[in-house]
Amino acid sequence: MKKLYLFSALLALGFASISCNRLKLLVDNDYSYETDFTKYKTYNFLNCEIDTSFVCTEIQDAIRRQMKARGYKVTDKEPGLLVSYSIIRDRVDYKGYFQPALDRWVNHFDEDDTYKAQNFHFGGGMILVSLLDAESSRLIWRGYASGVFNKNVNKPINYYRSVVRNIFDQYPLFAAGEKPRRIDEY
């Protein structure tokens, strides 16, 4: 009985230490009310910022996976969207907007929607993913996760893929002509 009690206590302690070590990310997005999100089918990347670590490559690969899962095709010839991302390793002040969920807004467009600014003060760095209309170079959507580079948290394998997946969970739209579906593993 003592062994069972000791084992249970150690197991509970192990789970508690794992849950305390998990990174809590703030993930959100902002988008343009002036955009017809249903017309885009293709994309390409803007040049990546110079990064000597594997982070740039891992984030770009994760974005490719998320765009593919949503039916977007990468192309060098006249893409509809340009994708860029930023890696910010320090504390940052960020101006975002309080908006309805993107899929709700796309399906129930309201011309009276207005931007309601909100200011954030993020610690632990952040990753920003931006989608721009390729023709106008206008920013149409930006997703972000803060706390990404918190030094107190161990980062498991595929950590950045997970972060990008969390960011793209805020972008529930599919390429033009694609049927909406559940995105399981990407």
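A short reminder: the numbers here are calculations on the coordinates, not readings from a lab. The model shown is predicted, which means the values in this text are computed figures rather than measured ones. Note that we place each Cβ from the backbone using ideal geometry, even for glycine, and neighbour counts take in every protein chain shown.
Is the shape of the stretch 122-185 rounded, prolate or oblate, going by the alpha carbon gyration tensor and its root eigenvalues a ≥ b ≥ c, with a/c under 1.5 for rounded and a/b larger than b/c for prolate? Here the stretch 122-185 falls in the oblate category.
With respect to the cross-link table entries K41/K68; K68/K179; K39/K116; K24/K116; K41/K179, which display a Cα-Cα separation exceeding 18 Å?
K39/K116; K24/K116
Computed from the Cβ-Cβ distance with R0 of 30 Å, the FRET efficiency linking K73 to K24 stands at 0.30.
Neighbour counts of other Cβ atoms within 10 Å put K68, K179 in the fewest-to-most order K179, K68.
For S162, S137, S146, the sequence from fewest to most other C-beta atoms within 10 Å is S137, S162, S146.
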